[in-house]
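First up is the structure itself, then whatever we jot down about it.
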Protein chains: 2
Amino acid sequence: MSAVRRETGSVSAVRRETGSAIDALRGGVDLGGTKIQAAVVARDGEVKGEARAPTPRDGGPDGVTQAIADTVREAAEAAGARLDTLEGVGVGSPGAVDEEAGTVAEARNLPDWEEEYPLAARLAELLGVPVALGNDVQVATQAEFELGSGRPYHSLIGVFWGTGVGGGIVLDDEPWLGRGASGEIGHTVVKIGGRRCGCGRLGCLEAYAGRASMEAKARRMVEEGHKTELFEIMAKRGRERLTSGVWDRALRRDDPLATHLIGQAVEALGAGIASAVNLLDVEAAIVGGGLGTRLGEPYVERIRQAMKPHLFKDGDPPAVELAALGDLGGAIGASLLAASRA
Amino acid sequence: MSAVRRETGSVSAVRRETGSAIDALRGGVDLGGTKIQAAVVARDGEVKGEARAPTPRDGGPDGVTQAIADTVREAAEAAGARLDTLEGVGVGSPGAVDEEAGTVAEARNLPDWEEEYPLAARLAELLGVPVALGNDVQVATQAEFELGSGRPYHSLIGVFWGTGVGGGIVLDDEPWLGRGASGEIGHTVVKIGGRRCGCGRLGCLEAYAGRASMEAKARRMVEEGHKTELFEIMAKRGRERLTSGVWDRALRRDDPLATHLIGQAVEALGAGIASAVNLLDVEAAIVGGGLGTRLGEPYVERIRQAMKPHLFKDGDPPAVELAALGDLGGAIGASLLAASRA
């Protein structure tokens, strides 16, 4: 049984929800630990204006909420749209998101954000338009499903390869959220007793493939005497972290340590994604995230190859595709939340 | 968000399908590589009669089909029911099952069963009642969901720990079949570069927890000079294989090699089931299969503990429960197929 392509003209249950006035614009916000990315998006997914700001380190949830509002205003200006003409604003957030209540708790990469905070209500006050919340990775998956590389499929997993490794799931054209915290493909155990993950556990996929874990490992290896240009490239580019761009440059220079660590990351992604496919037998896996987007198709091809030895149904592999919406996928996906609540 | 208990009085979509005349009896067959287990089952899941026969090694698919028919007849006699009063017969089969076409192919643990074979049509001819097919593990999962330990839950995975490690999935009260081959939790990669599995791949959960793999490993360890009573117990009990009963006896005698290998199996099951839960965030995992059923609750508790270090949402673990229907779960689940097609 091979993947059934969705007809271009078909309107899925999800798509119907997103349909409304032809010219309707919506705001979408991808709230990250480092930056706030806002976009004003048309019904067909076209980005009419965007803006980006660093996530403030001071001021707690109130400070972050104010920064989100400012960034959305800026994106609306860039789109030439008045804020009060937006159908609504969606926010894709890390942490424990309660979509119904409009609250976010335990967003550990945001400042002082342990307690439950009424983000939707506070942001709606500041903006004067309705606000809807969703999980950051799930909305990015939904964006790829509705508007990106996932369009031909009814079932898929989104794999976001960046600082961590996040995942989202669509089954039978609908998001699968489980008890509210599905998609943690980054915490698939790919090696019992293996490398320690940022989450504290051993042998997680993210311990090998997450950018934060890879940077920590690279620092340890340098202390042990290994040579690499990674940190020189970082310094030259004025970065404090090994960004996706730094990894990309080091790989292009055939830096042995970078090549070794990215090789392990690809191997771990191959094992983890293949395990998810063996369990769910979805039609496709869509690979995005900061590193996925930056390294692009040649590395998606390497992940395809790394999955092969582990796929139970190896004669009929799923499609494995690069995310189409790039860095804006999260904000575009968040704008779909506004649409579905409108 | 904790698991929502299904109300006892509620009728799920699945249950509605199974409802029909109060006294209706159905046949169910669990077709395995070693034995054919047939049962005649009432609407409420009560087994009215059962019969068991070895799976014939000669005669190919026709021979097996004849043996299934004979075993169903015997179960009907045991139930005091005429064959032609059965609503239908369901068969849970290994291999590539096409439920719509009523065919089975690539059933590699059945004799000479590579090509597609019209099992439903041939068996219906022999029995004179309608026959429906399903995947053996998925029907056993469905049985636990509808009538066994899975009753309180809307989403679960079934994990069948026996010769291999099979899995079935129920999401939002419905089986999730993917592209027709979901549930291969036994081929989750728990250790990149790890032990070779019966499937030929490296590091699969089944390579550590499947009875066939554990026996192969035990034989290698004996050749290397390790001591164990496993093979003495096997010989004394007139077995040719390390059956679940043999493992159980050796564990009760604190046999070091058996204890070591079962410890590794529990560790692999913990990692693999936790990974599946991290991905799907289901309410429950139901542990059955020959070994699961034989070793029972104390080992389910060990699996619960082995999952803990790997669960991303460790403050809110899923329920992990022993399968309630035991060895007859597969046949009972198959009888539900007959009901849903009736």
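The table below lists the values:
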{"item": "Candidate set from region B:262-285 (those that are within 9 Å of another protein chain (Cβ to nearest Cβ) and of a type in the set (A, V, I, L, M)); member that is surrounded by the fewest Cβ atoms within 10 Å (Cβ to Cβ)", "result": "B:Val282"}
{"item": "Output for region A:185-194, where each listed residue is within 7 Å of chain B (Cβ to nearest Cβ) and more than 14 Å from B:Asn278 (Cα to Cα)", "result": "A:Lys191, A:Ile192"}
{"item": "Flag if A:Ala250 is small (Gly, Ala, Ser), within 14 Å of another protein chain (Cβ to nearest Cβ) and under 18 Å from A:Gly210 (Cβ atoms)", "result": "no"}
{"item": "Residues being under 19 Å from the mean Cα position of the chain (by Cα) and among the small types (Gly, Ala, Ser) - total across region A:47-69", "result": "2"}
{"item": "Single condition A:Arg302 does not satisfy, out of (1) buried (at least 21 other Cβ atoms within 10 Å of the Cβ); (2) assigned to a helix (DSSP H, G or I)", "result": "(1)"}
{"item": "Odd one out for A:Ala181 among (1) assigned to a loop (DSSP other than H, G, I, E, B); (2) more than 12 Å from chain B (Cβ to nearest Cβ)", "result": "(2)"}
{"item": "Test: residue in region A:325-339 that is within 14 Å of chain B (Cβ to nearest Cβ) and in contact with a strand residue (DSSP E or B) (Cβ under 6 Å, 6 or more places away or on another chain)", "result": "no"}
{"item": "Failed item in (1) surrounded by fewer than 17 Cβ atoms within 10 Å (Cβ to Cβ); (2) within 14 Å of chain A (Cβ to nearest Cβ), with B:Gly238 passing the rest", "result": "(2)"}
{"item": "Residues of region B:168-178 satisfying the condition of being part of a strand (DSSP E or B) and either facing chain A (nearest Cβ under 7 Å) or acidic (Asp, Glu) (or both)", "result": "B:Leu171, B:Glu174"}
{"item": "One residue from A:Gly95, A:Gly164, A:Gly128 being touching an Asp or Glu at 6+ places or on another chain (Cβ under 8 Å) and in the same structural domain as A:Leu177 (by TED's automatic domain parsing)", "result": "A:Gly164"}
{"item": "Test: residue in region B:210-228 that is among the polar types (S, T, N, Q), outside the structural domain of B:Gly272 (by TED's automatic domain parsing) and closer than 30 Å to B:Arg253 by Cβ", "result": "no"}
{"item": "Residues located in region A:251-261, provided they are out of contact with any Asp or Glu (no Cβ under 6 Å at 6 or more places or on another chain) and buried (at least 20 other Cβ atoms within 10 Å of the Cβ)", "result": "A:Ala258, A:Leu261"}
{"item": "Qualifying residue in region B:32-40 (condition: more than 19 Å from the chain's Cα centre (by Cα), surrounded by 16 or more Cβ atoms within 10 Å (Cβ to Cβ) and modelled with pLDDT of 95 or more)", "result": "no"}
{"item": "Residue count, region A:138-159 (criterion: closer than 10 Å to A:Gly329 by Cβ and either in a helix (DSSP H, G or I) or within 14 Å of another protein chain (Cβ to nearest Cβ) (or both))", "result": "8"}
{"item": "Any chance A:Gly45 is out of contact with any strand residue (DSSP E or B) (no Cβ under 9 Å at 6 or more places or on another chain) and touching a residue at least 12 places away in the same chain (Cβ under 8 Å)", "result": "yes"}
{"item": "Options A:Ser20, A:Ser2: the member that is at pLDDT below 95, closer than 30 Å to A:Asp314 by Cβ and out of contact with any strand residue (DSSP E or B) (no Cβ under 6 Å at 6 or more places or on another chain)", "result": "A:Ser2"}
{"item": "Failed item in (1) more than 8 Å from chain A (Cβ to nearest Cβ); (2) surrounded by 24 or more Cβ atoms within 10 Å (Cβ to Cβ), with B:His226 passing the rest", "result": "(2)"}
{"item": "Within region B:70-89, considering residues that are within 21 Å of the chain's Cα centre (by Cα) and either part of a helix (DSSP H, G or I) or among the charged types (D, E, K, R) (or both), the one nearest to B:Ala334 (Cα to Cα)", "result": "B:Val72"}
{"item": "Filter result (of a type in the set (A, V, I, L, M, F, W, C) and under 19 Å from the mean Cα position of the chain (by Cα)) within region B:91-115", "result": "B:Val91, B:Ala96, B:Val97, B:Val104, B:Ala105, B:Ala107, B:Leu110"}
{"item": "Residue that is surrounded by the most Cβ atoms within 10 Å (Cβ to Cβ), among those in region B:120-137 that are of a type in the set (A, V, I, L, M) and farther than 18 Å from B:Leu177 by Cβ", "result": "B:Val131"}
{"item": "Filtered residues of region B:285-336 (kept if of a type in the set (Lys, Arg) and within 16 Å of B:Ile157 (Cβ to Cβ))", "result": "B:Arg304, B:Lys313"}
{"item": "Hits in region B:286-314 (condition: within 12 Å of chain A (Cβ to nearest Cβ) and either free of Cβ contacts under 8 Å to residues at least 12 places away in the same chain or closer than 21 Å to B:Glu146 by Cβ (or both))", "result": "B:Asp314"}
{"item": "Subset of region A:195-217 [more than 19 Å from the chain's Cα centre (by Cα) and either within 8 Å of chain B (Cβ to nearest Cβ) or in contact (Cβ under 8 Å) with a residue 40 or more places away in the chain (or both)]", "result": "A:Arg201, A:Leu202, A:Gly203, A:Lys217"}
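The values are calculated or read from the model by the stated rules, or taken from the named source; none is laboratory data. Keep in mind that what you see is a predicted model, and the values were worked out from it rather than measured. Counting neighbours? That spans all protein chains shown, and the Cβs are built from the backbone with ideal geometry, glycine included.
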